[in-house]
1. Taking only C-alpha pairs under 8 Å that are 6+ residues apart, what is the relative contact order of segment 239-368 in percent?
2. So how far, in whole Å, is the C-alpha centre of segment 118-186 from the one of segment 210-255?
3. Three principal axis extents, largest first, for the C-alpha atoms of segment 1-64, in Å?
4. Hey, how much of the P(r) for segment 168-319 falls beyond 20 Å, as a percent of Cα pairs?
5. Using only the Cα atoms of the chain, construct the convex hull and provide its projected area averaged over every direction, in square nanometres to one decimal.
6. Could you state the accessible area per residue of the chain in Å², with a 1.4 Å probe and every protein chain left in place?
7. How long are the three semi-axes of the equivalent ellipsoid for segment 205-252, computed from the Cα gyration tensor as the root of 5 times each eigenvalue, in whole Å, largest first?
8. Based on the Kirkwood radius over alpha-carbon pairs, what value in µm²/s does the Stokes-Einstein equation return for the translational diffusion coefficient of segment 287-368 at 37 °C and 0.692 mPa s?
Amino acid sequence: MIPISKPAFTQSEINAVTKVMQSGHIAQGEKVKELEEKFARYCGTKYAVAFNSGTAAIHSALYALGIKPGDEVITTPFTFVASANPILMLQARPVFADISEDDFNINPDEVRKKITARTKVIIPVDLYGLIYDVEKIGDIAKRNHIKILEDACQSIGASYKKGRSGSFGDVAAFSLYATKNITCGEGGMITTNNSHIAEKCRMFRHHGQSETKRYEYFDLGYNYRMTDLAAAIAIEQLKRIEKIKRIRRRNANLLLIGLKNIRGLILPVIKTNKEHAFHQFTIRITDSFASSREGFLNYLHEKHIGYGIYYPKPLHLFSLYAKLGYKKGDFPVAEKLSEEVVSLPVHPELRIKDIDYIIDTIQKYAKT
Ligand SMILES: *Cc1c(COP(=O)(O)O)cnc(C)c1O
């Protein structure tokens, strides 16, 4: 079986984590601090704050932006549920805006329609590793005095013009979960240039304590801390990010060439000025393809090619969100694409011959 994702570890991760174990200090400490400094430098921001998950990072970032019960936060319904759940955690209201058909990301024209006096934050998601429309969303936010929290959980290393993902909004959140482009099993990070946001995030992950004054609780907080064990792994991963990125892009380019001109199969778009991180290589199976998506997936399974459906159902159709008043038909683009998407393996542990096999296998199917 060719898996849809596989973490790319070397001996250096094993050595680094062993050293932390032998040091006797395994909880949040020097390694977390080192990771934060290196992460901020890589993204091109002043600060980075580490968490034990991307979800914790998003929750903390929204808290730091001052989200209160009843505030409205605009995001896409075509994303992992962790982009939106933290809005509910703060008793705020998730307001969805439909996506653009070509790049799967939140559509600025739809965002504009959803703004009210209560809108406080927009959460654009860099879906599959492609950065959102930075210019247009940035312009909307500025005009309406709204903050931007970038969900960069899938896009580490992606770029737009000269900037890297996580450096365009007021604050950004990353995930270091097992399937992400770099990983330490579970982990998260926020990046920001705002010292106030960074400090709020540090307190929120540590029961509302300031890092210089323990056992004094300034506000409600959680235990969202990362361990030095995890940070040691993430530091080694971050050292190899450029290489990991290069191999993902090479794999994606081979797939783009090998799968072009297949009837009814739509390939990912390449945008000018944007470097895709190819967290996922996602194709669309449309009506004019050789079979239904279901038939195609059965075939991939038979041929031992792993795949993923990200995401089979947009968030507004789950009862948790539908009960806010959403229904089928509200976001037609997200609803349509959720029935068409298939993500193929693109991770750096693939060999060229795996990619050739994927291409050949799909071409044969499309011709029958
Ligand atoms: C992975 C992911 C998250 C959350 O990450 P965890 O580390 O699993 O909590 C949030 N948003 C998106 C788009 C993701 O892909």
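The values are calculated or read from the model by the stated rules, or taken from the named source; none is laboratory data. Predicted model, so just to flag it, every value in this text is computed and none were measured. Quick reminder, even Gly has a Cβ in these numbers, built from the backbone with ideal geometry, and neighbours come from all protein chains shown. Protein only, heavy atoms only, side chains kept; ligands, DNA and RNA dropped before computing areas. Shrake-Rupley method; radii C 1.70, N 1.55, O 1.52, S 1.80 Å.
1. 34 percent
2. Distance between centres, Cα-based: 15 Å.
3. 39, 37, 22
4. Here the tail beyond 20 Å accounts for 67 percent of pairs.
5. That works out to 18.5 nm².
6. 45 Å²
7. 37, 12, 8
8. Using the Kirkwood radius from Cα pairs, D works out to 222 µm²/s.
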